[in-house]
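Some notes on the structure that comes next.
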Amino acid sequence: MKILVGYKRVVDYNVRVQVKADGTGVVTEGVKLSANPFDDIALEEALRLREKGVAEEVVIVGIGPADLTAHLRNGLAMGANRAIHVTTTEAVQPLTAARVLLKLVEKESPGLVIVGKQAIDDDANQTGQMLAALWDRPQATFAGKVEIADGKATVAREVDAGMETLDVDLPAVITTDLRLNEPRFIKLPDIMKAKSKPIDVIELGSLGVDTGDHLKITHYAAPPKRSKGVMVKDAAELVAALKHKGLL
Amino acid sequence: MSKILVIAEHLDGKLNSATARAISAAAAVKPESIDVVVLSDAPDAIAAEAAKIEGVSKVVTVARAENKHALAAVLAPQIAKAAAGYSHVFAPSTTFGKDVMPRVAGLLGAAQVSDVMTVQGSHVFTRPIYAGNAIVTVEAPSDHPVVATIRTASWPAAGTSSSAAPIEVLSLDVKLPSHTRFVELKQGKSDRPDLQSAAKVVSGGRGVGSKENFDIIYKFADKIGAAVGASRAAVDAGYVPNEMQVGQTGKIIAPELYMAIGISGAIQHLTGIKDAGTIVAINKDGEAPIFEVADIGLVGDLFKLLPELEAAIG
């Protein structure tokens, strides 16, 4: 079985993102970029399935500008067999990403597609579900545990009420939650090895997907700030303050 | 004029209160009508609850055995079909809405607006990105239905109406897939208030130190009648189950009182509590970022302070 993994590059999760003063975007110049943490979890899960003998090949997919290559090399160093780089200079929204992935799914015929449940830049939480809809295949979102056997996946999902388990026929789309696994660290020899692994480059425009029906982002604003509060010196003072506010 | 369809979220035959928050957001669009659709194997009692929510024009029920569990792959084709004639389809941005709505959007070929915070116009909304570090204004195309999930912490629950809206049965000719099957749901059983709708929440973090130590958090929460939450660190460490996580990737909540105990306050956690009325932080590290957003801060050892607080409350 082949596993396709969505591997997005985002502003590093430790960066406190700043909105530009003119409201046209957020400051990304000179800001550290990293793999979307949920996508690292997706890749790690795929690698573990390959190591268990469930899958033979793990292919990562990135959509973005020419300099995305370095990011894809990281995914290859982590252990992916090869990468597909869909090139575009435009920002890609989830519906377009799902359509791109569908084209690649039709080309690659994977038994499983694993993507992060959300990217920590747009926080949309949509691409996996949209791909599953377009592909007309099952989805198991927010996965906390995945087992593959007999042509199906049994997935425990982190939901508001607790843990829900689904059985889905393969091929299927799985989106990862935080506790599915802990991604491995990249070792230096693997970085060297990754240099010889193949990256297919495909221009987004050549895939024939509709990209025009996007949401239009008209303004960026900083969130309203909570004003700094007061410090109290002991438990009695805290209780008095809360009683004063009518909260106790 | 806008006509809005709101997807009812429910579990064990009861309407989830997040639905009434999505109805508030629908009302903000100032539509001609707001209809609620209940998809279930036994929708009647849930529909009766939804019919009593203020602003609801009518409730439609889709009763099918396949709708016993909320499976996105089963529900989405029915919702996409039921959406015909509506300008907007809304659901709460809970794990239910987050799972099913993008699948609906995919079927309709529509972009989705996730986590609507405010309504600026029938097709213009604000929503958070970068863990709430930026708020964007987005305009949805007008040639497709607007598919949106509603950030529940940004909206009050719609009130109760004096007269119940009519309930209609809807039968949809949709072939449903059998490729997705429900196995089980392990629910955290608790007599405490529900984390997502509680007026008071007490959360513990890494500073609590262990699963056993978390008892001190439960005990204090019970003393003041609060729900219990946790930071990602506490969930990752196995102190508490995943459904208690508050933050960017957990629950986004807006209680009147939020007490962060032994939580340092990573931005991913803060995004889950920004809409709380009053934030109280107790942490032994006076430099912890949680104090930057706390309305009231107290530096000290939580194991010493919580019993003292209980005693002081009396």
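The values are calculated or read from the model by the stated rules, or taken from the named source; none is laboratory data. Worth saying up front: this structure is predicted, and the values here are computed from it rather than measured. Here Cβ is always computed from backbone atoms with ideal geometry, including for glycine, and neighbour counts include all displayed protein chains.
For this structure, a couple of remarks:
- On the stretch given as the stretch A:119-140, residues that are more than 7 Å from chain B (Cβ to nearest Cβ), in contact (Cβ under 8 Å) with a residue 60 or more places away in the chain and assigned to a loop (DSSP other than H, G, I, E, B) total 1.
- When B:Ala164 is tested against (1) among the aliphatic types (A, V, I, L, M); (2) assigned to a loop (DSSP other than H, G, I, E, B); (3) at pLDDT below 95, exactly one condition is not met: (3).
- Condition met for B:Ala26 (within 24 Å of A:Gln126 (Cβ to Cβ), within 10 Å of chain A (Cβ to nearest Cβ) and of a type in the set (Gly, Ala, Ser)): no
- Enumeration of residues in the stretch A:101-115 that are surrounded by fewer than 21 Cβ atoms within 10 Å (Cβ to Cβ) and assigned to a strand (DSSP E or B): none
- Qualifying residue in the stretch A:163-181 (condition: facing another protein chain (nearest Cβ under 7 Å) and modelled with pLDDT under 95): yes
- Taking the listed residues B:Ala110, B:Ala80, B:Ala131, B:Ala73, the one that is outside any strand (DSSP E or B), in contact with a Leu (Cβ under 9 Å, 6 or more places away or on another chain) and at positive phi is B:Ala131, with no other qualifying.
- Test result for A:Asp121, at negative phi and either charged (D, E, K, R) or surrounded by fewer than 19 Cβ atoms within 10 Å (Cβ to Cβ) (or both): yes
- Answer residue from the stretch A:64-100, given it is outside any loop (DSSP other than H, G, I, E, B), within 14 Å of chain B (Cβ to nearest Cβ) and of a type in the set (A, V, I, L, M, F, W, C) and is nearest to A:Thr28 (Cα to Cα) among those: A:Ala97
- Of all residues in the stretch B:283-311, exactly one satisfies the criterion of being more than 7 Å from every other protein chain (Cβ to nearest Cβ), under 23 Å from B:Pro255 (Cα atoms), in contact (Cβ under 8 Å) with a residue 40 or more places away in the chain and in contact with a Leu (Cβ under 9 Å, 6 or more places away or on another chain), namely B:Asn283.
- Here the strands (runs of 3 or more DSSP E) wholly within the stretch B:170-289 that include at least 3 residues being within 24 Å of B:Ala153 (Cβ to Cβ), aliphatic (A, V, I, L, M) and not assigned by TED's automatic domain parsing to the domain that holds B:Ile79 are B:227-230, B:257-261, B:278-283.
- A:Leu4, sole failed condition from (1) among the hydrophobic types (A, V, I, L, M, F, W, C); (2) in contact with a Pro (Cβ under 6 Å, 6 or more places away or on another chain); (3) surrounded by fewer than 18 Cβ atoms within 10 Å (Cβ to Cβ): (3)
- Top-ranked residue of the stretch A:140-159 - restricted to ones that are β-branched (Val, Ile, Thr) and under 20 Å from B:Val74 (Cβ atoms), ranked as nearest to the chain's Cα centre (by Cα): A:Thr141
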